[in-house]
Amino acid sequence: MEKITSLAKRRGFVFQSSEIYGGQNGAWDYGPMGVELKNRIAAAWWKEMTQLHDDIVGLDAAILMHPRTWEASGHVENFTDPLVDCKKCKARFRADQIPPENLAAKKCPECGGELTDTRKFNLMFKTHIGPAEDSASIIYLRPETAQGIYVNYKNIIQSNRMKIPFGIAQIGKAFRNEIVTKNFIFRTCEFEQMEMQFFVKPGTDEEWFNEWRKRRWAYYEKLGVKMDHLRWHQHGPDELAHYAKDAYDIEYLFPMGWRELEGVHNRTNYDLNRHTQYSGKDMQYIDQDNNNERYIPYIIETSAGLTRNLLMILCDAYDEEQVASEKNSGGSEGSADDWRTVLRFHPSLAPVTVAVLPLMKKDGLAEMAQDIRKELKEDFATDYDQGGAIGRRYRRQDEAGTPFCVTVDYQSKEDHTVTLRFRDSMEQARVPIAELAARLRQEIKSYKRIK
Ligand code: GAP
């Protein structure tokens, strides 16, 4: 994880929030490469969940919701973690994350000092809306995006004539006052979720639950994630959230071990029943194709962290590899053996798709390379680099995860071809400039991860 954290900072993926003030715990900033990667992960998910499904539409609900929402959802009452403090060293722990023997003996796992009794700590951030800081003005930062979907489900049925079964997808910020924030961006207080709520007829929920488990698993396969680094974990009775009948996590083998990446939950009709009760509004679905049958739908939820997906993609893509240097440097640089750090992003996720590199700055090569970049810009995320030996420039692009480099050399001036260099295999092909864009499109489409 240290290597990934340091690369993320060095290459402008992720910075510590408010670093010049010593950093803000639980918050991170996404740099030029990070924001591109995050946007592409979000776009891949959005395409998968909306464009490829006729029965799923999107939503972007507000972060601030009526406070009754969170009473109805059960978060005011139940969204708590068990907290203990060390009276001696003042360290703070989640009681369920320290060794049970320490908890039983009330002994701090760090300094051996005495621990306080376990108390419940609500994870929702509370603030006030308007100028008065009284109990009537309390408002919460949403701890999940899901509730914005539930309170809008009838609006969407009416405005978009949706029929059950159908889904609503949303990407947005969520906030949790996490007691322990470690492992880089894995668990943070401010993060983003990609959630889809699928509304189904009661009785068909188990079938749809299994179907969505299959679809979400296939999605990661399509993204080229190492499938032996993914596994399912079914929630036991003591792990199930207050709303869930059944829940499975997709876990990823992060550097610190197997951890939750995404959850697929059967939330039953819990949320819509509670919103009916708390709002007094009828949340029933009226099935006009079936004698106006009325029921409160069951909800199958797929809930993935966007920022946690970004960490997974970084870990999954990270590789260090011993390579023969002359393959990339034309023999002009390095010893016989060399190491490279490479991020093997799927080309559709890579922050830069293609880097254009003139072999030399002089003799019109730089101008030619700039012209090629200009052409490619309309369709691809590009970079341009003319500084240093070509082998070193390839290494820089490898480390940023750029899947393709285009090198403009003296031959380019004669026959209007360039070298197309592939990040993963480091192989090179000579391609006519006129065919470059089409070739890149085809390479992206047919990409298969080789390592
Ligand atoms: N609506 C259901 C829900 O929020 P969850 O299991 O609490 O379920 C879903 O969260 C996903 O959101 C997790 O699998 C994880 O990817 C992400 N997530 C949750 N808490 C997070 C945090 N503190 N920091 C980063 N990501 C988080």
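Computed from phi, the 3J(HN,Hα) profile of region 345-354 under the Karplus parametrisation 6.51, -1.76, 1.60 (θ = phi - 60°) reads 5, 4, x, 6, 9, 4, x, 10, 8, 9 Hz, with x in place of Gly and Pro.
Extents of region 389-451, largest first, come to 36, 29, 15 Å (Cα atoms, principal axes, whole angstrom). The protection proxy used here, the mean number of other Cβ atoms lying within 10 Å of each residue, ranks peptides 442-448, 346-352 as follows, highest first: 346-352, 442-448. Inter-label distance, Lys445 to Lys362: 4.3 nm, where each label sits 7 Å from its Cα along the C-beta direction.
At a Cβ-Cβ separation cutoff of 4.7 angstrom, cysteine residues of the chain with no neighbouring cysteine are Cys189, Cys315, Cys405. In angstrom, the C-alpha Rg and Dmax of region 338-451 are 13.0, 38.
Compactness of the chain is given as radius of gyration and Dmax, 25.7, 79 Å, from Cα positions.
Between the helical axis of 365-377 and the longest alpha-carbon principal axis of the chain there is an angle of about 30 degrees. For region 256-303 versus region 32-64, the spacing of their alpha-carbon centroids is 21 Å.
P(r) tail for region 215-330, what percent of Cα pairs lie past 18 Å? List each step's numbers first, then the result.
On the way: 4335 of 6670 pairs.
Tail of P(r) above 18 Å: 65 percent of Cα pairs.
Once both labels are positioned 7 Å from their Cα atoms along Cα-to-Cβ, the gap between Arg430 and Asn152 label points is 5.5 nm.
Simple rule: put +1 on each Lys or Arg Cβ and -1 on each Asp or Glu Cβ in region 112-252, find the dipole, and look at Ser159, Leu240, Gly148; the Cα lying farthest toward the positive end is Ser159.
Listed by chain and number, the aspartates and glutamates whose alpha-carbon sits under 16 Å from that of Lys445, ignoring those within fewer than 8 places in the same chain, are Glu48, Glu221, Asp379, Asp424, Glu435. The residue list Tyr278, Tyr298, Pro358 was ranked by how far each Cα lies along the charge dipole of region 237-369 toward its positive end, using unit charges on Cβ atoms, and Tyr278 comes out on top. Working note: Karplus 6.51/-1.76/1.60 with θ = phi - 60° gives region 8-22 the couplings 4, 6, 4, 9, x, 8, 9, 10, 5, 5, 6, 4, 5, 9, x Hz, where Gly and Pro are set to x. In this label model, Gln234 and Ser17 are separated by 3.7 nm, measuring between points 7 Å along each Cα→Cβ vector.
For the chain, what is the calculated [θ] at 222 nm in deg cm²/dmol (nearest 500), taking -39500 (n - 2.57) for each run of four or more DSSP H residues and dividing by its residue count?
Numbers: 15 runs with 136 residues, N = 451.
When only DSSP H runs of four or more count, the value is -8500 deg cm²/dmol.
Computed over the alpha-carbon atoms, region 95-226 gives an Rg to Rh ratio of 1.08, Rh here being the Kirkwood radius from the mean inverse distance.
Beyond 30 Å between alpha-carbons counts as too far, so tell me which of Lys3/Lys38; Lys154/Lys182; Lys90/Lys245 fall in that bin. Cα-Cα > 30 Å for Lys154/Lys182; Lys90/Lys245; rest within.
For the chain, with only Lys/Arg (+1) and Asp/Glu (-1) charged at the beta-carbon, what is the dipole magnitude about the Cα centre, in debye rounded to 20? Display every interim value, and only then the final one.
Details: 63 positive and 68 negative charges, 99 e Å.
Roughly 480 debye, rounded to the nearest 20.
The string of couplings for region 203-212 from the Karplus curve (6.51, -1.76, 1.60, θ = phi - 60°) is x, 9, 5, 5, 4, 5, 4, 5, 4, 5 Hz, one whole number per residue in order, with x for Gly and Pro. Between the amide H of Ile139 and those of Thr127, His128, Ile129, distances stay under 5 Å, these residues lying 5 or more places away or on another chain, with hydrogens modeled in the peptide plane. Rounded to the nearest 10 degrees, the inclination of helix 306-317 to the longest alpha-carbon principal axis of the chain is 40 degrees. Ellipsoid fit via the Cα gyration tensor, region 23-150: semi-axes of 36, 23, 16 Å, each the root of five times an eigenvalue, largest first.
If you place +1 on the Cβ of every Lys and Arg and -1 on the Cβ of every Asp and Glu, how big does the dipole about the Cα centre of region 1-145 come out, in debye to the nearest 20?
Numbers: 19 positive and 20 negative charges, 130 e Å.
It comes to approximately 620 debye.
Write out the trypsin sites (Lys or Arg not before Pro) in region 135-179 meeting two conditions: DSSP loop, and at most 10 other Cβ atoms within 10 Å of their Cβ. Write out the running numbers ahead of the final one.
Details: sites: Lys154, Arg161, Lys163, Lys173, Arg176; in loops: Arg161, Lys163, Arg176.
Hits after loop and neighbour filter: Arg161.
Near the amide H of Tyr285, within less than 5 Å, lie the amide hydrogens of Tyr295, Ile296, all on another chain or at least 5 residues away, with H placed in the peptide plane.
Each value in this text was obtained by applying a stated rule to the coordinates, not by laboratory testing. Small disclaimer: the values here were computed from a predicted structure and weren't measured. Cβ coordinates were reconstructed from backbone atoms using ideal geometry, including for glycine residues, and neighbour counts include every protein chain displayed.
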